[in-house]
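Structure first, commentary second.
The values are calculated or read from the model by the stated rules, or taken from the named source; none is laboratory data. Keep in mind that what you see is a predicted model, and the values were worked out from it rather than measured. Glycine gets a Cβ as well: all are built from the backbone with ideal geometry, and neighbour counts include every protein chain shown. When the accessible area is computed, the model is the full protein with side chains, heavy atoms only, and any ligands, DNA or RNA have been set aside. Shrake-Rupley method; radii C 1.70, N 1.55, O 1.52, S 1.80 Å.
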Protein chains: 2
Amino acid sequence: MREVVLGIDIGGTNTKFGFVDREGNLLGDYSISTAVHQTIESYLHSLADNVQKGLSNLEEDVRLIGVGIGAPNGNYYRGTIEHAPNLNWKGVVNFIELLKEYYSLPMAITNDASAAAIGEMIFGGAKSMKDFIVVTLGTGLGSGFVANGKLIYGHDGFAGELGHVTVRPNGRFCGCGRRGCLETYVSATGIKRTIYKLLADYNGGGSELASVSFNDLTAEMITNAAKDGDKVAMEAFEYTGRILGMQLADSVALNSPEAIFLLGGLAKAADFIFEPTQRHMEEHMMPIFKNKVKLLPSGLQNKNAAVLGAAALIWHELDSQK
Amino acid sequence: MREVVLGIDIGGTNTKFGFVDREGNLLGDYSISTAVHQTIESYLHSLADNVQKGLSNLEEDVRLIGVGIGAPNGNYYRGTIEHAPNLNWKGVVNFIELLKEYYSLPMAITNDASAAAIGEMIFGGAKSMKDFIVVTLGTGLGSGFVANGKLIYGHDGFAGELGHVTVRPNGRFCGCGRRGCLETYVSATGIKRTIYKLLADYNGGGSELASVSFNDLTAEMITNAAKDGDKVAMEAFEYTGRILGMQLADSVALNSPEAIFLLGGLAKAADFIFEPTQRHMEEHMMPIFKNKVKLLPSGLQNKNAAVLGAAALIWHELDSQK
C-alpha cells in the first residue's frame, strides 16, 4: 500500500489539494472554493468532505500519513493563519488545531512561498542544495530562503519577506501600508504598474498596451507585447529585471546561495525577465560572487507546484523525524 | 585538568590569542605582530612559539583540545584566508593545512564577524537564541546571521556581507570596487566620511571637528563632539542611524531575528548610535515586526570579544560532534 500525504494549497479564491507520495507523484488533483465559505468551520467541513471523496476516487489503496498546508500568512511555529488579507477568516485562525478534529496525523502549515521553497528542495531543482533562494513572482513577491539545508522561518515564523524590502524610499504605495517595497515593482502587479508609468512618460509611446485598461492588463499580455517587439513592454521588463537583479545581488551578499529560483506567473515570461535580471545581478554583485550563482526556473514548472510544495513540507517533517 | 581551546584573532597589525574554557573564561591574553611577517611560514612559526610560551606561563595545568581562528576573509569550508586586503600574505592561504604542522587538534577558521556571532551565541547575549544578527561597526561593517541555531556561511562560505549591500546606487566609493555599499556610510570610517560631507555642506558649520584633518579624525572624537552638543556630530549620528535603521528593517523582513547586536568601535557611541538606529528601524519595519526585535549591545563588551569569538567557533564544533 502506497504511503501518501495530503498537500493543501489555500488561495483566496480556490483551494487545491492532492495526494503526494515520497517521490513527488501527485495522485488526484482537486479544487474547492475557498471564497464561498464565510466561516472557517464551514470551509474545513467542505474540505474534509472532498478529501474523503478524493481518497475514495483513487484507483489504488493508499495510506494517508500526514497533511501539509500552504496558505497566505501561514505560521509554521504556531500552526496558524494570521491576518491574511485575501481570506474571509479574519484575525488569527488556529488552522492546525481545528484540522485535528478531522485528522489524527502529523500536520504542518507555512506560507505559500516557504512551501514552494521546500517543494523545490524535496521534489524540484534544489534536491542536492543546502543554500538557495526561491522567489515567487505572482500578484505579489514571495520568497523562501534555505540555509544549511533548513528553511529560515525566523524567530516568529514570518521571515522571508523579500517582497517588502524597501527599494525606493517614498516610492509606490504597497498593500502592507508602507511605500517603495520590492513587490510594488517586481511582481505581475508591479510590472503592470511599470507599464502604466511608461505609458504616462511616453504619452502612450505607440504601444499596443495603450488600448488596454489598467484592470484588464495582465502579465501575460505584457509578455505577448514584448514578443511582438513592443518597446514599452520591453522597457518594462528591463526596468523590472534591473530592480530585481540589484536586489538579488544584495541577497547573494547576505546568503551566498548556490542558486536562485524564479517561480510564478511573471517567471513564465522566461528570457524577457531572466535575461535582464541575471545581467543586472551580475553587474551589481561583489567580485567574489560573480559568475557563481545560478538563476533558474523552478524544477516544478508545469506541475502543480503549490500542492507539491505543501506536500513536501510534511514529507520533510516526516523525514527529519526518522 | 581544565580543557581549553586556543582562540586566535588575526588582524592586519596584530594577532591576539588566548586560552578559553567551555564557560568562556579567558586564561592568558597575548599579542604578537602580524604585519612584521612577510611570509605565512614565518608568521606561523612565531605564533606557535608564542602559544607554547603562553601555555607554559599559565598557573594551572590545562589540556588544549582545539584551535579556533577569526581572520579577515577566513573561509570556514575551505580552511583558508582568501585575498585579504590588509594582510601581507596574498592570494589563497591554506591556513588550517599549514597549521596542522603545529597542532594535531580539531581546528576551524572563519571571518571576524562570523566569529563574533558565534561568540555571542556561545558566551554572550545570544545564548538562548536561535535567530539573531550580529553587526560589527569597525573600520568596515561586518555581519553574522544566525538562523535555526546555525551561522549562515552560504554555499561558498562568504555569506554575511551586510556591509556590501547597496544603499545608494552611484554613492560613495567602496574598497570592494563598487559604489554605495552600506559600510561606506555605516562604520567608523563611514561616519567620518559623513562628518566631512556635512562640514562641506555647512561650510564648517561651527563644528569643533572643522579643525581636525581627515586622517586624524576618529569615531571616538565624533562621539565626544556629540557629547559636547556639536550639531554636525549629532547630525552625523542621525544620518548614520537612519541608513543603518532602514537597512536593518529590511534584514528583519528577511530573517525575522529575535535580536540584533551592534558591536565594535562605533557601537561604543552607545545611545548616539543606538537611539537613531532603533527609531528608524521601527519606523521602516513592516507592521507585523514592529516592537518585537531587540537592538542590543554585545554581551561580550569590555571583554576580548574577538578571541572569545574565535574560541567559541571551535567549542561550537566540539559541542556539535558530541
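With the biggest extent put first, the Cα atoms of region B:132-297 measure 49, 35, 25 Å across the principal axes.
Accessible surface of residue A:155, taken over heavy atoms with a 1.4 Å probe and every protein chain present, rounds to 90 Å².
What does the charge count around residue B:26 come to, taking other residues whose C-beta lies under 15 Å from its C-beta (Lys +1, Arg +1, Asp -1, Glu -1)?
Numbers: positive: B:2, B:16, B:22, B:303; negative: B:3, B:9, B:21, B:23, B:29, B:59, B:60.
Local charge sum for residue B:26: -3.
Roughly how big is the B-A contact, given as buried accessible area in Å² (both sides, 1.4 Å probe, nearest 100)? The buried area between B and A, both sides summed, comes to about 3200 Å². Close amide H pairs (under 5 Å, H built 1.01 Å from N) link residue A:27 with A:19, A:20, A:21, residues at least 5 positions away or on another chain. With its label point put 7 Å out from Cα toward Cβ, residue A:41 sits 8.2 nm from the same residue's point in the other copies, in order from shortest. Each residue of region A:211-228 was assigned a 3J(HN,Hα) from its phi angle through the Karplus curve 6.51 cos²θ - 1.76 cosθ + 1.60 (θ = phi - 60°); the sequence is 9, 10, 6, 3, 5, 8, 5, 10, 4, 4, 5, 5, 4, 4, 4, 4, 4, 6 Hz, with glycine and proline shown as x. For chain A, with all protein chains in place and a probe radius of 1.4 Å, 48% of the accessible heavy-atom surface sits on carbon or sulfur.
What is the mean projected area of the alpha carbon convex hull for chain A, to one decimal in square nanometres? Spelled out: convex hull of the Cα atoms, projected over all directions, averaged, 17.3 nm². Annotation: the antiparallel percentage among DSSP beta bridges lying fully within chain B is about 55.
Roll a 1.4 Å probe over the protein chains and send me the accessible area per residue for the protein assembly as shown in Å². Mind showing how you got there, number by number?
On the way: 26470 Å² over 644 residues.
Ligands and nucleic acids excluded, the figure is 41 Å² per residue.
Rounded, prolate or oblate, given the Cα gyration tensor of region B:218-322, with a/c below 1.5 counting as rounded? Let's see the in-between values first.
Working: a/c = 3.30, a/b = 1.32, b/c = 2.50.
Since a/c reaches 1.5 but b/c is at least a/b, the shape of region B:218-322 is classed as oblate.
Taking only Cα atoms of region B:171-258, what ratio of Rg to Rh do you get with Rh as the Kirkwood inverse-distance radius? Before the final figure, lay out the partial values.
Working: Rg = 14.2 Å, Rh = 13.8 Å.
When Rh is taken as the Kirkwood radius, the ratio is 1.03.
Bridges between two residues of the protein assembly as shown, per DSSP, are antiparallel at a rate of about 60%. Short-range pairs are left out: with C-alpha atoms under 8 Å and at least six residues apart, the relative contact order of region B:132-297 is 24 percent.
Between copies, the label points of residue B:57, set 7 Å from Cα on the Cα→Cβ line, lie 7.8 nm apart, reported in increasing order to one decimal in nanometres. A point 7 Å from Cα along Cα→Cβ stands in for residue B:322, and the other copies hold the same point at 2.9 nm, listed in rising order.
How big is the antiparallel share of DSSP beta bridges in region A:128-297, given as a percent to the nearest 5? The antiparallel fraction comes to roughly 55 percent. Here residue B:103 and residue A:303 are evaluated by their C-beta separation; at R0 = 35 Å the FRET efficiency comes out at 0.10. Within region A:122-221, report the chymotrypsin sites (Phe, Trp or Tyr not before Pro) that DSSP leaves as loop and that have at most 12 other Cβ atoms within 10 Å. The qualifying sites are A:214.
Just how far, in whole angstrom, is region A:197-267 from region B:42-86 if you go by their alpha carbon centroids? What the calculation gives is 51 Å, centre to centre.
Among chain B residues, the beta-carbon with the smallest distance to the axis carrying B onto A is reported, with distance in whole Å, as B:147, 3.
Here each label is just a point 7 Å from Cα along the line to Cβ, and for residue B:35 and residue A:38 those points are 7.7 nm apart. The contact residues of region B:148-164, meaning those that lose at least 40 Å² of 1.4 Å-probe accessible area when all protein chains sit together rather than their chain alone, are B:148, B:152, B:155, B:156, B:158, B:161.
Helical runs assigned H by DSSP (4 residues or longer) give chain B a calculated mean residue ellipticity at 222 nm of -11000 deg cm²/dmol, each run adding -39500 (n - 2.57) before division by the residue total. Under a 5 Å amide H cut-off, with hydrogens placed 1.01 Å from N, residue B:73 pairs with B:112 among residues at least 5 apart or on other chains.
The phi-based Karplus calculation (6.51 cos²θ - 1.76 cosθ + 1.60; θ = phi - 60°) puts the 3J(HN,Hα) values of region A:119-135 at x, 5, 6, 8, 10, x, x, 10, 3, 9, 9, 10, 9, 7, 10, 10, 10 Hz, whole numbers, x for Gly and Pro. For region B:21-155, the spread of Cα coordinates along the three principal axes comes to 39, 39, 27 Å, biggest extent given first.
What whole-number volume per residue, in cubic angstrom, does the convex hull of the C-alpha atoms of region B:34-103 give?
Numbers: hull volume 6.8 nm³, N = 70.
Dividing the Cα hull volume of region B:34-103 by its residue count gives 98 Å³.
Taking chain A as a Gaussian network, where each spring joins two C-alpha atoms under 10 Å apart, which residue of A:287, A:297, A:72 fluctuates the most? Fluctuation is largest for A:287. Model label sites at residue A:45 and residue B:202, defined 7 Å from Cα along the beta-carbon direction, differ in position by 6.9 nm. Comparing the full protein assembly with the isolated chain, not one residue of region B:126-146 loses as much as 50 square angstrom of accessible surface (1.4 Å probe).
Ignoring the sites themselves, chain B has its longest run without GluC sites (Glu not before Pro) in a DSSP loop having at most 11 other Cβ atoms within 10 Å at B:102-322. Normalised by residue number, the volume inside the convex hull of the Cα atoms of region A:81-211 is 177 Å³ per residue. At q = 0.07 Å⁻¹, what base-10 log of I(q)/I(0) does the Debye formula yield for the protein assembly as shown when every alpha carbon is treated as an equal point scatterer in vacuo? The computed values of log10 I(q)/I(0) come out as -0.50. Check the straight Cα-Cα distances from residue B:231 and name the aspartates and glutamates below 20 Å, setting aside those fewer than 8 residues away within the same chain. Within reach: B:201, B:208, B:216, B:220, B:271, B:275.
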